[in-house]
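Below is one structure; the comments refer to it alone.
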Amino acid sequence: MSYSKTTYSFNIRVRYADTDQMGYVYYGKYAEYFEVARVEALRSVGLSYKKVEENGLMLPVYEYNVKYIAPVFYDDNLEIRSTIELLSDSRIAFEHEVYVDDKVKTKARVVLVGIDPVKKRPINIPSEIKDLLNI
C-alpha cells in the first residue's frame, strides 16, 4: 500500500517526577511520551484509541528501538514529532523524534501490531483505519 507520510507534532513539558537522580529524564519515561504522541497523532486523524479497541482491534507494541542522543531535563518543553513510517496489513510503525529548541535529543521507532482481543492472535488492520492513516 502506498501512502504519504505525515508528521504529527505533540508538546509536553518535563515534570520533576519524570527525572532521575542525575536530573535527566528517566529513560523509561520516553515510552510513555511516545505513547501519548501516538495516541494524539491517531486522534488528529479522527481515530480514538478507545473506539479502535471497542471495535475489536488491539495495537500492542511489537518493537521498540530508541537512541538517546542528548539528555533532556526538568522543565524542558519537548516537541515530539511522530511519523507513520510503515503501514502494512497488520503493522503500523512510528518514527518518533524528541526536540528541545529545534535540536533533536532522542529518536525512536515503535512498531504496533494488530491483535484480536479475544483470540489474542495477529489480525489485519481494518481498511477503514488504514484509509484514515493514508493521508
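Quick note: the coordinates plus some simple rules give every number you see, no bench work behind them. A quick note: this is a predicted structure, and the numbers were derived from the prediction, not measured. Virtual Cβ from ideal backbone geometry, glycine too; neighbours counted across all protein chains shown.
Observations on the model:
- Sorted by Cβ neighbour density within 10 Å, fewest at the top, the residues Arg121, Arg43: Arg121, Arg43
- Kirkwood hydrodynamic radius of the chain, from inverse mean 1/r over distinct Cα pairs, in Å: 15.6 Å
- In order through segment 8-13: 3J(HN,Hα) via Karplus (6.51 cos²θ - 1.76 cosθ + 1.60), integer Hz, x for Gly, Pro: 10, 10, 9, 10, 8, 9
- Using the Stokes-Einstein relation with a Kirkwood hydrodynamic radius computed over Cα pairs, the translational diffusion coefficient of segment 60-135 at 25 °C and a viscosity of 0.890 mPa s comes to 175 µm²/s.
- C-alpha long axis of helix 29-44 to longest principal axis of the chain, angle in °: 50 degrees
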